[in-house]
Amino acid sequence: MTNNTAAKADDAERRHDQNQYLTFVLGRETFALGILSIKEILEYSAPTEIPMMPAFIRGVVNLRGAAVPVVDLCARFGRPSAAVTKKTCVVIIETRVEDESHVIGVVVDAVNEVLEIPDSEIEPAPSFGASIRADFIQGMGKVRGKFVIILDVDRVLCVEEMEMLTHAAASGEVVQPAA
Amino acid sequence: MTDAALPTFIAESRELLREMEAALLECEQGESGAEAVNSIFRAAHTIKGSSGLFGLDGIVAFTHVVESVLDRVRANSLQMDRTLAAILLECRDHIEHLVDAVADGKPDDVQLATKGESLLQKLSARAGGPATTHATATASASASASAPVAPAAGWQITVQFHTEVLRNGMDPLSFIRYLSTLGEIVELTLLTERLPAAEEFDAEACYLGFEIELASSETQQRIEGAFEFVRDDCTLQVRPKAPVASESVAEKREASDAKETKAAKNSDRSLRVDGDKLDALIDLIGELVTAGATTTITARKAGLSELNESTLRLARLVEEVRDQALKLRMVQIGPTFSRFQRIVRDVAREIGKEIRLEIGGAETELDKTLIESITDPLTHLVRNAIDHGIETAEVRRNRGKNVEGVVRLDAYHDSGSVVIEVADDGGGLKRERIIAKAMERGLITDGSSLTDGEAFALIFEPGFSTAEQVTNLSGRGVGMDVVKRNVNALRGTVELDSKEGQGTTVRIRLPLTLAIIDGFLVGVGGSSFVIPLELVEECVELGDEHRAADGDQRYINLRGQVLPFVRLREMFSIRSSASRRESIVVIRSGGKRIGIVVDDLLGEMQAVIKPLSRLFSRIRGIGGSTILGTGQLALILDVPSLLDLCLNTRQVQVAPRRALTD
């Protein structure tokens, strides 16, 4: 009996969590990420640089004995990276590809808050017009009358895609921007 | 029996089957000593006994027949020869399949059962003669999965219940009552010697044992089955009452406690430990090493001599603990080598060559994960040696060689690494053919300037194969490059020696362990890098004249020899101005010597290797990372791939740090 209620409470909590988002700032825009994929938020410390990597890979940091890669989201979105300030943070995110889990840190300019965005308040991604690649967008959440871009973590931090880009950089094939 | 013990049974059986295979192969080659036959018999016997405990009737029935044949060999009433050994090998394979079926959770495979029967027929046909009646009788009965045949007379059962049995909710009486449904209890003696004095008597504990004489025609298994539920809570002995076959008494007793027998046999006091536990321990020790380094640095800063001394003592101990822990993961390579006996035999037979496998250095130890990862490349090399290396018997005769070809596997330690050799005394590599092929494939443009070593190295290039015809074993041109890649992935190297007409030797050089290396820490700009210490030969200062002549001259005169060098700063595009002093670390790898120019030499350290994320899986020049005493990460240089990178300077010149946008 108690088990049952506990399970129900658990379930309710999970459903509740699913609608919870962390909002953060990149440049002048606000983005959101589902909190279920977020492990922790760290103060920014300069990562160890890895040579011959594309600009969106800042390097690796020591997270309690494991070497965790750090991705610069600005660079990943094709924008110039912002200067490091006191508010700069590294958000540690866990993604799953098939059965493998990958822990990756992302650099953001500042984190704002965790808030709830019910499904009814989320609009589908526009096919164009957004400031970042359309497939990076999971949806547009309405928060206090403004839209925030909810990021699709699995696409933004797609290990396979990034691996290809790092490989291209490491072997010296320069990927030219489309003319 | 509990399911929890089943994996142990499976693991043990597989081990025994491997022993059995090795001994059978010995027999097949005509070196059958009594010891080999004994060990085959013991393996079959133990497997039979343990599977009986788990009620795996299929395995018991099949193995029993095999065992009886073996028993006759042991008693010299049957001669072990090539044919018999070959059939027994097939039987061994069948037992392995049966065990595999149990492991997969489907012990009642009809196909397997029919195959088993036909094998048994083959066996009894070979082992024929008057003395086989027993074996053949059981063989025909085995279809109905009958257990060892029981003498009809009766059974002597001795059972000692453990003290906990009542508390576990078992009533000893109910088992005795159940026994009476299997036969008639002729006599029952109560064993009371364990009864304590009245003041120590615990009313909830069971102190009783029984000696029962049961007149029954049931099998031993059924009778043991009666005690199934208290199997862990009692000591049970079931013996045939009549002293009909004294051999069989001993055998049954042994079988009833197969584990004990095994433990007694391997009296070398070894423990079976879950690999994950070891990995966790090694991880922890890795952290300990890192924390120890931090403490040493802090102590040095504090400048207290006593503190310094004690941290040094601590560091020495930690180092010892580390070495001991790493040794736990070390296993001998012998069993892996022995497995190739079978491959060599089967493959040689398939293609009609006479080949003998020689094994050396079987006691050489290396990390278990390394052994697991090296098996595939080794298999490939051995197959290559058999298929392409060793000539056919006819050719060998014409060349005046011994008709029987020899493939040799060898392992030994050499200056901080392990070397595994696969050698054959076959035709060797033909330099001209390799060069012709390489030019045809566009790998090189002119072969005349290549040294032998460089020419032979070409066969490790992707898509290279000189075999004139493709066999189903090898020769499709995939292979040697995969071998090289696999070995490189383990931080190892492959070299090849060959003399035309005399044979080929492939030498794989591997690190002793994958977890921790002794490293040499260097600094460039603000970054730190670790160079594996065993590759470092010496360090020299980079003279001003070389620094001034920056640009063209990328070599120095090191005691009369030319030493080419690379600047890590340029190679890795590290953005910092050159420091006032630079040093050259001289490293040797794969027979080449080069210098690496760095800013600072920071000294030796133990580096616990932390693998980099999959994101960096294709990065070249870097093999992993490690955590410094300060908590900072440093990158570990992968020297062989760094050398490749140097040889390909075109790629270094491309400015790599460029934003990739779309």
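The values are calculated or read from the model by the stated rules, or taken from the named source; none is laboratory data. Model, not experiment: these values are computed from the prediction. With ideal geometry, Cβ positions are generated from the backbone for all residues, glycine too; neighbour counts draw on all protein chains shown.
Checking each residue in the range A:91-129 for being more than 14 Å from chain B (Cβ to nearest Cβ), of a type outside the set (D, E) and within 15 Å of the chain's Cα centre (by Cα) picks out A:V91, A:V107, A:V108, A:A110, A:V111, A:N112, A:V114.
Only one of the numbered conditions (1) more than 44 Å from the chain's Cα centre (by Cα); (2) at pLDDT 80 or above; (3) not basic (K, R) is violated by B:V586, and that is (1).
Restricted to the range A:14-96, the set of strands (runs of 3 or more DSSP E) holding at least 1 residues that are in contact with a helix residue (DSSP H, G or I) (Cβ under 8 Å, 6 or more places away or on another chain) comprises A:20-26, A:29-34, A:57-63, A:66-72. When the range B:589-611 is filtered for residues that are modelled with pLDDT of 80 or more, within 39 Å of the chain's Cα centre (by Cα) and more than 25 Å from B:E319 (Cβ to Cβ), the ones remaining, listed by number, are B:R593, B:I594, B:G595, B:I596. Taking the criterion of being of a type outside the set (G, A, S), within 14 Å of another protein chain (Cβ to nearest Cβ) and touching a Gly at 6+ places or on another chain (Cβ under 9 Å), the residues of the range B:603-615 that qualify are B:V608, B:I609, B:K610, B:P611, B:L612. Would you check if A:D152 is within 13 Å of chain B (Cβ to nearest Cβ) and either under 12 Å from A:A32 (Cβ atoms) or free of Cβ contacts under 8 Å to residues at least 24 places away in the same chain (or both)? No, not satisfied. The residue list B:G492, B:G479, B:G503 contains one member that is of a type in the set (G, A, S), within 20 Å of the chain's Cα centre (by Cα), crowded, with 16+ Cβ neighbours inside 10 Å and modelled with pLDDT of 50 or more, which is B:G492. Residue pairs whose Cβ atoms lie under 8 Å apart, separated by 6 or more positions or on different chains, with the first residue in the range B:269-287 and closer than 13 Å to B:V321 by Cα and within 13 Å of another protein chain (Cβ to nearest Cβ) and the second among the basic types (K, R) and assigned to a helix (DSSP H, G or I), are B:I285/B:R322. Out of all the residues in the range B:369-383, is one or more among the acidic types (D, E), under 26 Å from the mean Cα position of the chain (by Cα) and surrounded by 20 or more Cβ atoms within 10 Å (Cβ to Cβ)? No, the range B:369-383 contains no residue that is among the acidic types (D, E), under 26 Å from the mean Cα position of the chain (by Cα) and surrounded by 20 or more Cβ atoms within 10 Å (Cβ to Cβ). When the helices (runs of 4 or more DSSP H) confined to the range B:1-102 are screened for residues that are closer than 30 Å to B:F227 by Cα and of a type in the set (S, T, N, Q), those reaching at least 3 such residues are found at B:34-53. Scan the range A:79-89 for residues that are within 12 Å of chain B (Cβ to nearest Cβ) and either in contact with a Pro (Cβ under 7 Å, 6 or more places away or on another chain) or in contact (Cβ under 8 Å) with a residue 12 or more places away in the chain (or both) and jot them down. Scanning the range A:79-89 gives A:R79, A:S81. For the range B:550-602, taking the residues that are part of a loop (DSSP other than H, G, I, E, B) and within 15 Å of B:V530 (Cα to Cα), the one that is farthest from the other protein chains (Cβ to nearest Cβ) is identified as B:D599.
Might you let me know whether the range A:51-68 holds any residue that is more than 11 Å from chain B (Cβ to nearest Cβ) and touching a residue at least 60 places away in the same chain (Cβ under 8 Å)? The answer is no; no qualifying residue exists. The listed residues are B:L78, B:L98, B:L88, B:L70, and the only one of them that is at pLDDT 85 or above and more than 17 Å from B:R14 (Cβ to Cβ) turns out to be B:L88.
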